[in-house]
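A short worksheet on the structure shown next.
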């Protein structure tokens, strides 16, 4: 191989190396853009999921509050009903309370 052939080969290799460097630079830029897009998409998905979770939690909390209010109303109605029965039949109510107390006392004393 002559000197000029060798110089041509070196020049061709330098050109190829410059092309490879350019291609690598473009790949790095493309990779950076793709990573940015993936990060942005992930952040948007997280924000949307958080929003849905918060809405569902709010809906569930409202349901629990409604159930609690219903339970309070039912309890108040039961208390009023018991009070009415006691006023209508005080002697029978006292006897019933005494009987219930006696049975509970027996059950508790057996467990001890």
All positions within region 85-97 that are assigned to a helix (DSSP H, G or I) and surrounded by 10 or more Cβ atoms within 10 Å (Cβ to Cβ): 85, 86, 90, 92, 93, 94, 95, 96, 97
- prompt: Would you call residue 46 touching a helix residue (DSSP H, G or I) at 6+ places or on another chain (Cβ under 8 Å) and either surrounded by 10 or more Cβ atoms within 10 Å (Cβ to Cβ) or modelled with pLDDT under 90 (or both)?
  reply: no
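The values are calculated or read from the model by the stated rules, or taken from the named source; none is laboratory data. Bear in mind that the values here come from a model prediction, so they are computed numbers and not experimental data. Cβ: placed from backbone, ideal geometry, glycine included. Neighbour counts: every protein chain shown.
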